[in-house]
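These notes concern the structure reproduced below.
The values are calculated or read from the model by the stated rules, or taken from the named source; none is laboratory data. Values in this document were obtained by computation on a predicted structure and should not be read as measured data. Cβ sites come from the backbone with ideal geometry, for glycine too, and all protein chains shown count toward neighbours.
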Amino acid sequence: MSSPTSFSPIGPVVGVVGAGQLARMMQQPAIALGVELRVLANDPGESAARVIVDTRLGDYRDLEVLREFGQGCDAITFDHEHVPTEHIRALAADGLAVHPGAGALVHAQDKAVMRERLTGFGAPCPAWARVDDLADVERFAAEHGWPVVLKAIRGGYDGRGVWVCRDAAEAAEALATGVSLMAEVFVPFRRELAVLVARSPHGQGVSYPVVETVQENGICVEVLAPAPGLDPEDAAEAQRIALKIADELGVTGLLAVEMFETEYGLVVNELAMRPHNSGHWTIEGAATSQFEQHLRAVLDLPLGSPAPTAPYVVMANLLGGADPDLFKRYEHVMAHDPGIKLHFYGKEVRPGRKIGHVTALGTDLDTVRARARHAAVYLTTGEYT
């Protein structure tokens, strides 16, 4: 593993395994907190490696690389959830402060383990089962009906690793991929919600407002904060569920709980134990951003206020298109709406890839949403909405 020119840290050191945009966006609050960030990157061109001085290069799947990386860190956390569980346990056994720990993180790594644990303590979940072959899927469908949702137990994200199967033939196609799958009933939902909570090692917890996430082709394109028209009792219940999950699983750091709003109530869909796309609005839209909150939590500092800074906040993702030169369109967006906030991730533009986001704040949801959409569409396509 390569290392940068040595220097003496003047504040606590947080090591982040992974160098994507989530690690990159921790840098600004780390500066204000006096925290030194260290990242483990696969390549010096990765998003966070471009802006964080203490970047180490190495393979996160190599335990010895992780051990060397962790030397001198006051806390270790993650930009992604792919580090082998046994490696995380080994780091903790070495005396390193790893947040979240392996016992918690496995529930974001393994969907079947997650479902077993959540249903065990009464969190609202869809009916599900592990499936090994088509006969298992057909038995599940005979009990619960088609369509059946097949999910990769490990590794799926942004709609990848999820198959909505209307019949046995489509299920056979998913099984042919060779990945380990689980089956869930298809949930007819009104919309998708997300709750972001933080929990510190000594057990303090806070919840951000419930947001609505808008998906296209399995990718989140827009986040509305707070979720418009959500009954206050349902909002409070969603926050209660998320905080209970964080406590039951022993999460330290941030936990994003993705939910379905249905005719019959809330249903937990997915978990993520790190800063999350549904929380990017908090950079300008909350008193404490999710990135500052995560750093506070993993260092066991008092958590910050999650209160919103405006009645409505809308975040729109920037997805790569055919034209890679977004910067030439800066001038129009900035001149058209000086209140728009732009965030770019330092990534090469590729069609459909998340390369940044824009945020708008205001008092009227329709207006704020239109502003965010205009900026996102113009930046990525050069067209007006």
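Per-residue answers, yes or no, for (1) assigned to a loop (DSSP other than H, G, I, E, B); (2) in contact (Cβ under 8 Å) with a residue 24 or more places away in the chain; (3) farther than 25 Å from LYS341 by Cα:
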{"residue": "GLY11", "(1), (2), (3)": "yes, yes, yes"}
{"residue": "GLN27", "(1), (2), (3)": "no, yes, no"}
{"residue": "ILE52", "(1), (2), (3)": "yes, yes, no"}
{"residue": "ALA92", "(1), (2), (3)": "no, no, yes"}
{"residue": "LEU96", "(1), (2), (3)": "yes, yes, yes"}
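Identify, please: which residue in the stretch 369-385 is surrounded by fewer than 22 Cβ atoms within 10 Å (Cβ to Cβ) and among the hydrophobic types (A, V, I, L, M, F, W, C) and is, among those, farthest from HIS343 (Cα to Cα)?
Checking each candidate, the answer is ALA370.
Just to be sure before I move on: is VAL377 without any contact (Cβ under 8 Å) to a residue 12 or more places away in the chain, farther than 29 Å from PRO100 by Cβ and outside the structural domain of GLN21 (by TED's automatic domain parsing) in the structure I sent?
Against the criterion (without any contact (Cβ under 8 Å) to a residue 12 or more places away in the chain, farther than 29 Å from PRO100 by Cβ and outside the structural domain of GLN21 (by TED's automatic domain parsing)), VAL377 qualifies.
From the list HIS357, HIS336, HIS343, which one is at negative phi, surrounded by fewer than 16 Cβ atoms within 10 Å (Cβ to Cβ), in the same structural domain as ARG373 (by TED's automatic domain parsing) and not polar (S, T, N, Q)?
Values: HIS357 fails: surrounded by fewer than 16 Cβ atoms within 10 Å (Cβ to Cβ); HIS343 fails: surrounded by fewer than 16 Cβ atoms within 10 Å (Cβ to Cβ).
Only one candidate qualifies: HIS336.
Pick from the stretch 253-290 the residues that are touching a strand residue (DSSP E or B) at 6+ places or on another chain (Cβ under 6 Å) and among the hydroxyl-bearing types (Ser, Thr, Tyr): which of them is nearest to GLY155 (Cα to Cα)?
The extreme case among them is SER278.
Would you confirm, using the coordinates I've provided, whether GLY11 is at pLDDT below 95 and either buried (at least 22 other Cβ atoms within 10 Å of the Cβ) or of a type outside the set (Lys, Arg) (or both)?
yes
So if I check each of ARG61, ARG56, which one is surrounded by 14 or more Cβ atoms within 10 Å (Cβ to Cβ), of a type in the set (Lys, Arg) and either more than 24 Å from LEU301 (Cα to Cα) or touching a strand residue (DSSP E or B) at 6+ places or on another chain (Cβ under 7 Å) (or both)?
Unique residue meeting the criteria: ARG56.
Counting residues that are under 21 Å from the mean Cα position of the chain (by Cα), which strands (runs of 3 or more DSSP E) fully inside the stretch 169-279 reach at least 2?
Output list reads 189-199, 205-207, 211-216, 219-225, 253-262, 265-272.
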